[in-house]
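Below is one structure, written out as structure tokens; the observations come after it.
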Amino acid sequence: MNENKDSRYNLVVVLLIISIFANLWFNSGQTRELKNQIQNLNSKINSLSNQLANIDYEIEAAQDQANNLVNFFDYGFASINMDEKSVSVEVKADLKETQPGSEIYLSISDEADNITRYRLDPVEGLSYRTELDLGIFSNYAVNVIEDYNGSLRQLNTDSYMISLGEQFEFSRLSQRRNETGTNSKSIYFNIHFEVNALGLDELEMASATFVLEDRQSRATEGIIFQEDIIDQLMLYDDLTDEDKTKVMAGELLIDRPRGFGFGTSAVAEELAVEEMVMEKQEGLDKSLYSLLVDTSETKYYIFQKVFIYDEYPNLNLKEGAESIHGYIQLEFKDGAELRLY
């Protein structure tokens, strides 16, 4: 009798255990399904938020476009006045609408917030243009203003930028090649660069220093060698046609001992060598936004140097060749300092 009771009791326990596990499995499945539903819902909410953000952006862009009454704005370089250090800029603006009898101006502010107004002359219909002189070394914010009986209205929503200073700083020095090679006996450097001084003496180079740094050295700033190289720079225009061809092919023109050539083991980091255009460009080219369209004063320089390890034993060039880096530090007569890596 007791055995039957124990059997029934054990059966009940087993059934309870099965029931508990069944409920857990069932609830676990529901939990997973609920989690999946929540994840899907969050995904839909994020997608909807992105769509709303895009709609807000499109609405804002449409409002800006509707409020912007300038249909087209452009400027082009006309000429440079070397004595005044200014550039003549031709500006053209096409408007969507104006009030009858109103006058249109350009409001130009420099980096010191000095504001100057220039009258835009009507050309045809709603097209206007003017020519103005701006300093080479400054950047300007430009707005188109309508003056209707003394009531002023800005026709553009965002200021236009004429960044002459930035364009000049970007264009005055251009690196064309930076090449380094090593072999068992030496290391060489082959660096090409252009300087456009616009014919102004104060924008010419004052000094050039070649610097070797060991990036693993504990010396001051890692500098292990430096020398003045202004007299070692080769001017492309002074080379023979044969040497020009060699230079453009990346060959070294400087003397080096026999047996100190560089083969395929040389490691080179090259920048594209662009074809140099030395002819002076006349007149206004509206497709060019840079004031430096006149390349007649551009000078192409080449610096090449070979360090023979045995001649510089204190520099440990052979052991540290992988961490050795060379660059040129240039100083100009106007005080600007620029570096060619």
Amide hydrogen neighbours beyond the local backbone of A206, cut-off 5 Å, H modeled: E331, F332, K333
PRE reach from Y327 (point 7 Å along Cα→Cβ): which of region 152-178 fall under 16 Å by backbone N? 173-178
If you roll a 1.4 angstrom probe over the protein chains with everything in place, what fraction of the accessible area of region 93-177 belongs to carbon and sulfur, to the nearest %? 44 percent
Relative packing of peptides 160-168, 77-85, 183-191 - highest average C-beta neighbours within 10 Å first: 183-191, 160-168, 77-85
Set K185/K244; K244/K333; K244/K318; K85/K333; K185/K299, cut-off 22 Å on Cα-Cα distance; pairs above it are K185/K244; K244/K333; K244/K318; K185/K299
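The values are calculated or read from the model by the stated rules, or taken from the named source; none is laboratory data. What you see is a predicted model; the values in this text were computed from it and never measured. Virtual Cβ from ideal backbone geometry, glycine too; neighbours counted across all protein chains shown. When the accessible area is computed, the model is the full protein with side chains, heavy atoms only, and any ligands, DNA or RNA have been set aside. Shrake-Rupley method; radii C 1.70, N 1.55, O 1.52, S 1.80 Å.
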